[in-house]
Amino acid sequence: MTFFLLVSNLLSAQNVTVTQDTTSFNGEVTSSDWIDHGLTIGINFSHYLYGEVDYYKSYIWEAGGFPTLSTTMNYGLEFSYLDNLILAPKIQGRVHAYFFNASLAALCYSNLKNDFAIKLRPELGLGLWNIDINYGYNIGVYKENFNKANKHVIALRYYIGLHRKHLNQYDRNGNKKPKN
């Protein structure tokens, strides 16, 4: 998790430069960056089926009209009803480059009694625009009589953007364009 937070901070401190004009030849905007806030809904399945609802915040860079790189933090909850209600609060850091993404999540599964399990889940996957499909592997950190967490996970997620804040626009030489 620390690795993803460091990468996120390092990448957000760098300037985006575009060496090739993909939209025009007269210094028009060819790239930009912005911050998105929203909700993530999804399902995680393998042996057990879990739903998921998260709040997310993404920092996104695009070049030539296509998002090329983003860093995202998710804060949310996975849930299921097997013999009783199971909740798993989670925090997840994600890096998305073109179609590929990698993430690391920390989860605490609990049946709201005395049974719980703390897991770390690295994930790798593919995504396009607002949809991701990932493979994850739950690594046990600590367990107290809880056995209803999947070891291998396939996760399908849909990102619903609620608010976008545009930050900067750049010309073909990577120079910031003045805001209007």
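Measuring from label point to label point, each 7 Å out along Cα→Cβ, what is the Tyr135 to Arg164 span in nm?
So the label points at Tyr135 and Arg164 sit 3.3 nm apart.
Please list 3J(HN,Hα) in residue order for the stretch 46-58, calculated via the Karplus relation 6.51 cos²θ - 1.76 cosθ + 1.60 where θ = phi - 60°; whole Hz, with x for glycine and proline.
With the stated coefficients, the stretch 46-58 comes to 5, 6, 10, 9, 10, x, 8, 9, 9, 9, 10, 9, 10 Hz.
Rank Val153, Val95, Val141 by accessible area, highest first, at a 1.4 Å probe radius?
Val141, Val95, Val153
Return the aspartates and glutamates within reach of Lys176: Cα separation strictly under 18 angstrom, same-chain partners fewer than 8 residues apart disregarded; answer none if there are no such residues.
Straight-line reach from Lys176, under 18 Å: Asp21, Glu28, Asp33, Glu62.
Using a 1.4 angstrom probe on heavy atoms only, work out the carbon and sulfur share of the accessible area of the stretch 64-180 in %.
61
Which whole-Hz ³J(HN,Hα) couplings does the stretch 130-140 yield from phi under the Karplus relation 6.51 cos²θ - 1.76 cosθ + 1.60, θ = phi - 60°, glycine and proline marked x?
Rounded to whole hertz, the list is 10, 10, 10, 10, 9, 10, x, 10, 6, 9, x.
Quick check: pseudo-label points 7 Å beyond the Cα along Cα→Cβ at Glu144 and Phe45, how many nm apart are they?
3.2
Taking a ≥ b ≥ c as the square roots of the Cα gyration tensor eigenvalues, with a/c under 1.5 meaning rounded and otherwise prolate when a/b beats b/c, else oblate, which class fits the stretch 63-180?
Prolate is the answer for the stretch 63-180, as a/c is 1.5 or above and a/b outweighs b/c.
Between Leu77 and Val53, how many nm apart are label points set 7 Å from Cα along the C-beta direction?
So the two model labels end up 0.7 nm from each other.
The values are calculated or read from the model by the stated rules, or taken from the named source; none is laboratory data. As the structure is a computational prediction, the values presented were derived from the model and not from experiment. Using ideal geometry, Cβ is built from the backbone for each residue, glycine included, and neighbour counts are taken over all protein chains shown. We work out accessible area using only protein heavy atoms, side chains counted, and drop any ligands, DNA or RNA first. Shrake-Rupley method; radii C 1.70, N 1.55, O 1.52, S 1.80 Å.
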